[in-house]
Amino acid sequence: MGVGYGPSRCLSWDLHVSQYIINHENRADNRECPRAPSVVSTLCLQRQRYDQTAGKAGRESWLFEIMDSLKTPLWSAESNDYAFLDSIFDVTVTCEYIQWITTITDLPIVAKGVLSGVDAVKALESGCKAIYVSSHGGRQLDAIPSSISVLSEVVKAVNGRAEVYLDGGVRTGTDVLKALALGARAVFVGRPPLYGLAVAGEEGARNVLTILRNELKLAMQLSGVTDVEDVPQSLVTYAARL
């Protein structure tokens with residue numbers, strides 16, 4: 001679990017399903033971030049064959065070379081961290097877990113990793129206040145649909161009862177515009193700021209976000225859109241399926 005801070009407020013509390021989560025029960029209401037959303041995230045850690053056999057080869061190894069100074073990567077073939085994490089994460093969790101979390105905190109709960117309208121409805125019925133469409137960077141299960149491809153389905157199922165967020169594959173400002181057009185309230189990015197951070201530290205990360213913002217602004221101008229709150233779905237077209 002971790003807390004992300006902005007300049008003047010707490011942004012989120014990332015809550016993973018642990019067999020020892022009960023030990024943190026009292027923390028949920030005794031933190032200094034009363035308006036932070038508590039995020040229900042990954043339920044278990046997927047062992048991808050590529051991760052176990054390839055090590056750093058073929059990945060963005062220049063970035064992970066930097067991270068190596070902190071700890072051995074989880075995808076290292078020599079690492080025993082998978083077994084350790086398997087002993088921590090509770091893979092038997094159900095929607096009742098979300099309902100329990102709502103009894104120990106006043107923070108709004110956001111369900112992350114939702115990829116279908118059915119699951120979105122279940123999350124809302126269990127007490128979630130927002131839905132986070134995400135494939136966890138494609139790291140958890142091979143051959144799953146992309147976040148953007150299921151966004152419309154989730155938004156339709158939610159039917160205005162909660163905000164819908166998205167991450168996954170967002171690399172340009174036009175990607176952001178497409179997500180907004182399909183009903184996302186906000187879009188999150190992960191890898192791009194990390195690349196900027198690796199190249200030029202904090203300034204590099206800020207530059208990446210500035211680039212995305214400028215690209216979004218230009219795309220809106222060229223599309224005749226003046227407000228991020230009012231991006232028409234008609235901007236997005238789909239390629240014909242063969």
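The values are calculated or read from the model by the stated rules, or taken from the named source; none is laboratory data. The structure presented is a predicted model; accordingly, all values stated were derived computationally and were not measured. Methodologically, a virtual Cβ is constructed for each residue, glycine included, from the backbone with ideal geometry; neighbour enumeration extends over all protein chains shown.
The number of residues in region 188-209 that are more than 20 Å from the chain's Cα centre (by Cα) and at negative phi comes to 7.
Scanning region 205-220 for residues that are surrounded by fewer than 16 Cβ atoms within 10 Å (Cβ to Cβ) and over 12 Å from GLY173 (Cα atoms) returns ARG206, ASN207.
Applying a threshold of 7 Å to beta carbon distances and a minimum spacing of six or more residues, or different chains, the list of pairs starting in region 126-152 at a residue that is free of Cβ contacts under 8 Å to residues at least 60 places away in the same chain and within 18 Å of ARG185 (Cβ to Cβ) and ending at one that is crowded, with 17+ Cβ neighbours inside 10 Å and basic (Lys, Arg) reads SER134/LYS112; ILE148/LYS178.
Between ARG171, ARG191, the distinction of being within 20 Å of LEU218 (Cβ to Cβ) and of a type in the set (Lys, Arg) belongs to ARG171 only. Of all residues in region 98-129, those being small (Gly, Ala, Ser) and in a strand (DSSP E or B) number 2.
Picking from residues in region 127-157 that are more than 19 Å from LEU177 (Cβ to Cβ) and of a type in the set (Val, Ile, Thr), the one that is farthest from the chain's Cα centre (by Cα) is ILE144.
Among the conditions (1) under 18 Å from ASP14 (Cα atoms); (2) at pLDDT 90 or above, the only one that ALA120 does not satisfy is (1). Could you give me the residue pairs with C-beta distances under 7 Å whose first residue belongs to region 166-183 and is under 11 Å from SER146 (Cβ atoms) and free of Cβ contacts under 8 Å to residues at least 24 places away in the same chain, whose second residue is assigned to a helix (DSSP H, G or I) and of a type outside the set (A, V, I, L, M) wherever it lies, and which are 6+ apart or on separate chains? Pairs that qualify, where the first residue is under 11 Å from SER146 (Cβ atoms) and free of Cβ contacts under 8 Å to residues at least 24 places away in the same chain and the partner is assigned to a helix (DSSP H, G or I) and of a type outside the set (A, V, I, L, M), are GLY169/SER147; GLY169/ASP175.
A count restricted to region 130-166 and to residues that are at pLDDT 95 or above, among the charged types (D, E, K, R) and assigned to a loop (DSSP other than H, G, I, E, B) stands at 1. Among the residues making up region 221-234, those that are under 12 Å from THR174 (Cα atoms) and loosely packed, with under 11 Cβ neighbours inside 10 Å are GLN221, LEU222.
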